[in-house]
């Protein structure tokens, strides 16, 4: 009996030594933390591939999860989790996002490809204090935006767009010290837009296509992209916009904003200025030559002469306002030339004349609409169908034209 035990001990000693050696080797650090391992298992159980997707086909938990598609580790912790096949047109996932995702305490990046994932956004994500990037767009997530996300000090990008989220934007969310991209468009968010501190590093704010109301709040001067279109916003913008001199894109269309358009806006480094379908009023008086590619001020209450400083705009929509006087010759020259204006919509105003010959031919790709003004359009240029069929305004609306 003693000899048998001695032989067994002789066999076990090298094995134990080997295990001790392996436990001290660099390979041991690649064994996933048990908490992260169980969290990944719970996430997997709550999600499935949509037909045509094979994202989870190799998620076999008998192997190292750090080798799974979409899982990126540093040491024994999950640092990034990209759920779904990121290739364009690839089917997404279905199911729900399990609250266990909040147990991945080292997580810095979480993304979910477009699919049919439903349910609320787990409030437990607020426990992922290292989270820098959170993108869950183009799914069917519903409920409110968790206030716990306001406790993520390193969060730089929050993209929850194209879902079914409702309720208010958490008032503490704009105070995140690292937030540079906030994209919540195409949801059902309501209430007012919370104010942003001047110290915010925000570069992009996209809240279009929601049900937000109230006035536009204080916004940081760092903004380069601002889209608030298709909401129920009211009030003036002349106290908010002037300090946003770094804007490259501005879209406030389809709201109920009023008051004058600040002249300084036209000198911002914009590529697109969309203020259509509001109640802005007053003259349009740029401070200098306007070189914006797209300027759309249509469907407002703007009045006064059309500024010749708009001649360098690529596509100019001033239709459905109250502009008066003659169309500046510079605009016509820009439209008829090989460069400059390509689209000039002036229909449904009170304009009284334009310097263009009846035999003039517009360059290919150019569009001009002058109908329903206080003049007979001198050229037969095609207008959009919504401009109507009437060529001129009734004479009783044009006292100057009547003489």
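The values are calculated or read from the model by the stated rules, or taken from the named source; none is laboratory data. Not measured: the values here are computed from a predicted model. So basically every Cβ, Gly included, is an ideal-geometry build from the backbone, and we count neighbours across all protein chains shown.
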State which residue is surrounded by the most Cβ atoms within 10 Å (Cβ to Cβ) when the search covers only region 315-338 and only residues that are at pLDDT 95 or above and over 24 Å from residue 399 (Cβ atoms).
-> 316
Are there any pairs, at least 6 apart or on different chains, whose C-beta atoms fall under 7 Å, with the first in region 242-266 and on the phi > 0 side of the Ramachandran plot and modelled with pLDDT under 95 and the second part of a helix (DSSP H, G or I) and surrounded by 15 or more Cβ atoms within 10 Å (Cβ to Cβ), and if so, which?
-> none
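Could you pull out the residue among 101, 117, 78 that is under 22 Å from the mean Cα position of the chain (by Cα) and surrounded by 20 or more Cβ atoms within 10 Å (Cβ to Cβ)?
So the residue among 101, 117, 78 that is under 22 Å from the mean Cα position of the chain (by Cα) and surrounded by 20 or more Cβ atoms within 10 Å (Cβ to Cβ) is 117.
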Candidates 34, 26, filtered to the one that is within 30 Å of residue 110 (Cα to Cα) and at pLDDT 95 or above = 34
If you go through region 81-90, how many residues are modelled with pLDDT of 95 or more and either surrounded by fewer than 20 Cβ atoms within 10 Å (Cβ to Cβ) or out of contact with any helix residue (DSSP H, G or I) (no Cβ under 8 Å at 6 or more places or on another chain) (or both)?
-> 1
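From the list 134, 149, 155, which one is modelled with pLDDT of 95 or more, surrounded by 18 or more Cβ atoms within 10 Å (Cβ to Cβ) and in a helix (DSSP H, G or I)?
Being modelled with pLDDT of 95 or more, surrounded by 18 or more Cβ atoms within 10 Å (Cβ to Cβ) and in a helix (DSSP H, G or I) holds for just one of 134, 149, 155, which is 149.
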Output for region 368-395, where each listed residue is touching a helix residue (DSSP H, G or I) at 6+ places or on another chain (Cβ under 9 Å) and under 16 Å from residue 343 (Cβ atoms) = 368, 369, 371
Going by the structure shown, is residue 63 modelled with pLDDT of 95 or more and on the phi < 0 side of the Ramachandran plot?
-> no
Would you mind listing the strands (runs of 3 or more DSSP E) fully within region 40-121 where at least 2 residues are touching a residue at least 12 places away in the same chain (Cβ under 8 Å) and farther than 20 Å from residue 149 by Cβ?
-> 47-49, 71-74, 93-96
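In the set 187, 130, which member is more than 20 Å from residue 71 (Cα to Cα) and in contact with a strand residue (DSSP E or B) (Cβ under 9 Å, 6 or more places away or on another chain)?
None of the others qualify; the one that does is 187.
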Report whether or not residue 299 is at pLDDT 95 or above and either part of a loop (DSSP other than H, G, I, E, B) or within 20 Å of residue 202 (Cα to Cα) (or both).
-> yes
Tell me, yes or no, whether region 30-48 has at least one residue that is within 18 Å of residue 90 (Cβ to Cβ), surrounded by 14 or more Cβ atoms within 10 Å (Cβ to Cβ) and touching a helix residue (DSSP H, G or I) at 6+ places or on another chain (Cβ under 6 Å).
-> no
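Select from region 374-384 the residues that are at pLDDT 90 or above and either surrounded by fewer than 14 Cβ atoms within 10 Å (Cβ to Cβ) or in a loop (DSSP other than H, G, I, E, B) (or both) and list them in ascending order.
374, 383, 384
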If you go through region 333-351, how many residues are within 20 Å of residue 302 (Cβ to Cβ) and more than 35 Å from the chain's Cα centre (by Cα)?
-> 2
Across region 225-236, the tally of residues that are over 12 Å from residue 212 (Cα atoms) and in contact (Cβ under 8 Å) with a residue 40 or more places away in the chain stands at 1
Quick one: would you say residue 397 is surrounded by fewer than 17 Cβ atoms within 10 Å (Cβ to Cβ) and touching a residue at least 24 places away in the same chain (Cβ under 8 Å)?
-> yes
Those residues of region 162-203 that are surrounded by fewer than 20 Cβ atoms within 10 Å (Cβ to Cβ) and part of a loop (DSSP other than H, G, I, E, B) come to a total of 17
Only listed residue being closer than 16 Å to residue 158 by Cβ, in contact with a helix residue (DSSP H, G or I) (Cβ under 7 Å, 6 or more places away or on another chain) and modelled with pLDDT of 95 or more, chosen from 104, 112, 125 | 125
Scan region 357-376 residue by residue and report those that are over 40 Å from the mean Cα position of the chain (by Cα) and closer than 17 Å to residue 319 by Cβ.
-> 374, 375
